[in-house]
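Peer 1: My questions will all concern the structure given below.
The values are calculated or read from the model by the stated rules, or taken from the named source; none is laboratory data. Computed from a prediction, not measured in an experiment: that's the story for all the values here. Here the Cβ is made from the backbone with ideal geometry for all residues, glycine too, and neighbour counts use every protein chain on show. The protein model used for the area step is the full one, side chains on, heavy atoms only, and it has no ligands, DNA or RNA in it. Shrake-Rupley method; radii C 1.70, N 1.55, O 1.52, S 1.80 Å.
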Amino acid sequence: MKNIENYIRFCNKFHSYKIPKLRFKELDERYRGLYRILYNISEGDINKASFIIFISCFFISISSSLLFTSFNVLIIILYSIIFSLIFSYKFNSVLYKDIFKNESLLNSILYVIKIDFSLIQKTTEENSDKCLNFIELIKEYNIPILAYFKTIFKRIHEGKSPEKELIEFKTPSMDFDNYIKTLLINKFDSYDFDNFTEISLESQFKIYLRQMQSKISILFFIGLFFPIGLCFLILFQLINVLFLIFFIPFFLISLNLLFRKFIRTQSYLIGIINDFSGLERKKFKEFILLLRSFASNLKSNVSPEIAFLKSYNQNKNLITVLRKPLKDQISYLLNFSYSFSEIIKILKSELKSWRYTIILDAINKYVEKNAYYSSDKILEILATIYKHQKLERKLEIMMKGEKFKIFFFIFLLPVITGAISGFFPFFTFIIKNLDLVGNVVNIFFRNPHNLYSIGIIVLVLVSTISISSNYFLKIINYDRKFLIILSSNIIFLLTFLTSSINIANFI
């Protein structure tokens, strides 16, 4: 939050200055309104600050390039413009991304809020103020709009109308706003809540699935052609050897940004595990199994503590990953050391994930309101999770389909780069012995590579190959990365040595 405040303070400094504006996104009226309401800043001030960032990056890039490289001036200007545009775009999108993140978080918990409020509608008296009940309910959730609902609650105590406060209120989530409007139209009475209605998060995930193959192709292109392009820059001595070392962090950061943007986009659907590791999947599967059994036992009209104990005993042979944290909680229940609410609190800290926290918080609230009816509400959460898991399986199948292509590229890359880099020690000698114009040779190939520079070049190429291989393997979440990356590097070194020896014998 402090970073956002500093960002806003920086952008506001240019409010009174007449400077050009650099606009990257055509914001609709809703987003402009959110900028004003949530951050107290205008879109124009952000665009002015983006222009300043662009100019600063452009001059820094040109200055450093002229000092450390021997590229053509036009090439330097071209990639300086590209670099500056990327950096200023990232700067320009800070608030947009913050709103998007808060929107996703709100949408992820909206399932639970709908189910929770439907339980309140079912269990409260007819003459109760359900609008006020809804506002009090939102205050119990740790969500991005919590502070605004506390302000609304304070205004209500000062005599304001709850309904009027909600009508004028805007959140980052269109789905959340539409849900509030629906409640206001229905006067907060019960209405049919279709748990399988598709919301924006699910639509976004389906779009993400359709775009996946194109995004993987872009990552392949960058991961393959950056090391190969680097070989040609070295071969024609267009770059200082020492400056090559700076390409390692640049390449690492670039691939990491592409990977996070294209492949591992954070999913806030509560039923989708972003980490595709088998251990995390198994843990979530065991958690769902326990919840299903717990919901069934609550139907027997027993206390939550007894239902929890029975659920664990019924499934303890199937629970392995969660056995240790659950066993500790069971012992607390048997010794009457903690209540069910306290057990849930400890379990949240043990599982350490926003997904488990949302679900466990919701279950705790349901049980406190009405243990018997909470059984149906837990089953509604599970139905939502199952729907999300169907989408996740489609993604998993798509990733597995890329496995052959990934391994092919991982072992093709070191062969190509090794074969090209084998020319490095002898390229200047070969060129000088050809019938070319002497001035051309003297200008471009006057510095033959020595052992020291060859060592730096090999280190840089090994690093870039390792980085590419690592991110290729992360696409399919391959566990034994070290062995594959080591094999890829050995292939590169063998190819490099073979190419160098053959060229030396030929000369």
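Peer 1: Could you give the length gained on full extension between ARG32 and LYS13, defined as 0.36 nm per residue of separation minus the Cα-Cα distance, in nm?
Peer 2: 4.9 nm
Peer 1: From largest accessible area down, sort SER16, SER463, SER488; use a 1.4 Å probe on the protein chains.
Peer 2: Ranking SER16, SER463, SER488 by accessible area, largest first, yields SER16, SER463, SER488.
Peer 1: How high is the relative contact order of the chain? Use alpha-carbon pairs under 8 Å, at least six apart in sequence, and give a whole percent.
Peer 2: 16 percent
Peer 1: Here's something else I'd like to know. What does the net charge come to around PRO144 if you take all other residues with beta carbon closer than 11 Å to its beta carbon, with K and R at +1 and D and E at -1?
Peer 2: -1
Peer 1: Here is a follow-up. Check cross-link reach from LYS160 to the lysines: straight Cα distance under 28 Å, and skip same-chain residues fewer than eight apart.
Peer 2: LYS114, LYS122, LYS130, LYS139, LYS150, LYS170, LYS181, LYS187, LYS365, LYS369
Peer 1: State, to one decimal in nm, how far the label point of PHE100 lies from the label point of MET174, with both points 7 Å from Cα in the Cβ direction.
Peer 2: According to this spin-label approximation, the distance is 1.4 nm.
Peer 1: Could you tell me how many degrees, from 0 to 90 and to the nearest 10, lie between the Cα long axis of helix 481-506 and the main elongation axis, the longest principal axis, of the Cα atoms of the chain?
Peer 2: Taking Cα atoms only, the helix is inclined about 10 degrees.
Peer 1: Answer with one residue from ILE288, ILE416, TYR268: the one whose Cα lies farthest towards the positive end of the charge dipole of the chain, charges on Cβ with Lys, Arg +1 and Asp, Glu -1.
Peer 2: ILE416
Peer 1: Now, a different point. How high is the FRET efficiency between LEU233 and ASN502 when r is their beta carbon distance and R₀ equals 30 Å, given to the nearest 0.05?
Peer 2: About 0.85, to the nearest 0.05.
Peer 1: For LEU412 and ILE306, calculate 0.36 nm times their separation in residues minus their Cα-Cα distance, and state this gained length in nm to one decimal.
Peer 2: 32.2 nm
Peer 1: Can you list the residues, at least 5 places off or on another chain, whose amide H is less than 5 Å from the amide H of ARG264, using H built in the peptide plane?
Peer 2: Those qualifying (amide H under 5 Å, at least 5 residues apart or on another chain) number zero.
Peer 1: From the square roots a ≥ b ≥ c of the eigenvalues of the alpha-carbon gyration tensor of the chain, which class results: rounded (a/c under 1.5), prolate (a/b over b/c), or oblate?
Peer 2: Note, shape of the chain comes out oblate.
Peer 1: Kindly state, to the nearest 0.05, the FRET efficiency for ARG264 paired with SER203, given R0 = 22 Å and r defined as their beta-carbon distance.
Peer 2: Taking R0 as 22 Å, the efficiency between ARG264 and SER203 is 0.70.
Peer 1: Residue farthest toward the positive end of the dipole of the chain, with Cβ of Lys/Arg at +1 and Asp/Glu at -1: which of PHE24, ASN335, ILE86?
Peer 2: ILE86
Peer 1: Helix-only mean residue ellipticity at 222 nm, the chain, DSSP H runs n ≥ 4 weighted -39,500 (n - 2.57), per residue, nearest 500. What is it?
Peer 2: -24500 deg cm²/dmol
Peer 1: Each label point is 7 Å from the Cα along the Cα-to-Cβ direction; what then is the distance between the points at GLU368 and THR123, in nm?
Peer 2: Once both label points are built, they end up 1.0 nm from each other.
Peer 1: Whenever you get a sec, line up MET398, MET212, MET174 from highest to lowest accessible area (probe 1.4 Å, protein heavy atoms).
Peer 2: My answer, sorted largest first, is MET174, MET398, MET212.
Peer 1: When the accessible area of region 333-391 is split by element with a 1.4 Å probe, what percent falls to carbon and sulfur?
Peer 2: 52 percent
Peer 1: Do me a favour and compute the ellipsoid semi-axes for region 127-168 from its Cα gyration tensor, root of five times each eigenvalue, largest one first, whole Å.
Peer 2: That gives 16, 13, 9 Å for the three semi-axes.
Peer 1: Give me the 1.4 Å probe accessible area per residue for region 339-394, excluding ligands and nucleic acids, in Å².
Peer 2: Heavy-atom accessible area per residue stands at 41 Å².
Peer 1: Here is a further query. Could you list the chymotrypsin sites (Phe, Trp or Tyr not before Pro) in region 335-386 that lie in coil according to DSSP, counting only those with at most 11 other Cβ atoms within 10 Å of their Cβ?
Peer 2: Qualifying residues, ordered by number: PHE336.
Peer 1: If you don't mind, there's one more thing I want to ask. Can you send over the solvent-accessible area of ASP98, 1.4 Å probe, protein chains only, in Å² to the nearest 10?
Peer 2: Answer for ASP98: close to 40 Å² accessible.
Peer 1: Just read off the accessible area of HIS157 with the full protein assembly in place, 1.4 Å probe, to the nearest 10 Å².
Peer 2: Taking all protein chains as shown, HIS157 has close to 140 Å².
Peer 1: Just to confirm a number: summing +1 for Lys and Arg and -1 for Asp and Glu over residues other than THR357 whose beta-carbon lies under 12 angstrom from that of THR357, what do you get?
Peer 2: +2
Peer 1: Taking only Cα atoms, what is the 0 to 90° angle, nearest 10, from helix 354-369's long axis to the longest principal axis of the chain?
Peer 2: The angle comes out at about 0 degrees.
Peer 1: Related question: Please get the size of the charge dipole for the chain, origin at its Cα centre, with Cβ charges of +1 on Lys and Arg and -1 on Asp and Glu, quoted in debye to the nearest 20.
Peer 2: Rounded to the nearest 20 debye, it is 740 debye.
Peer 1: Compute the signed sum of charges (Lys and Arg +1, Asp and Glu -1) over the other residues within less than 11 Å, Cβ to Cβ, of ILE37.
Peer 2: +3
Peer 1: Ok, one more. Which value, in Å² and to the nearest 10, is the accessible area of LYS316 when all protein chains are kept and the probe is 1.4 Å?
Peer 2: Result for LYS316: roughly 90 Å² accessible.
Peer 1: Once R0 is set to 56 Å, what does the formula 1/(1 + (r/R0)^6) return for the Cβ-Cβ distance between LEU78 and GLN314, expressed as a FRET efficiency to the nearest 0.05?
Peer 2: Efficiency for this residue pair is about 0.25.
Peer 1: While we're looking at this one, here's another question. Give the ranking of ARG23, ARG32 by solvent-accessible surface, highest area first, calculated with a 1.4 Å probe.
Peer 2: The most accessible residue leads, giving ARG23, ARG32.
Peer 1: Separate question: So, in nm, how far is label LYS187 from label LYS21 when the simple model puts each one 7 Å beyond its Cα toward the Cβ?
Peer 2: 4.5 nm
Peer 1: Related question: Please name which of ILE199, LEU298, GLN389 has its Cα lying farthest along the dipole of the chain towards the positive end, using unit charges on Cβ (Lys, Arg +1; Asp, Glu -1) and the Cα centre as origin.
Peer 2: Toward the positive end, the furthest listed residue is GLN389.
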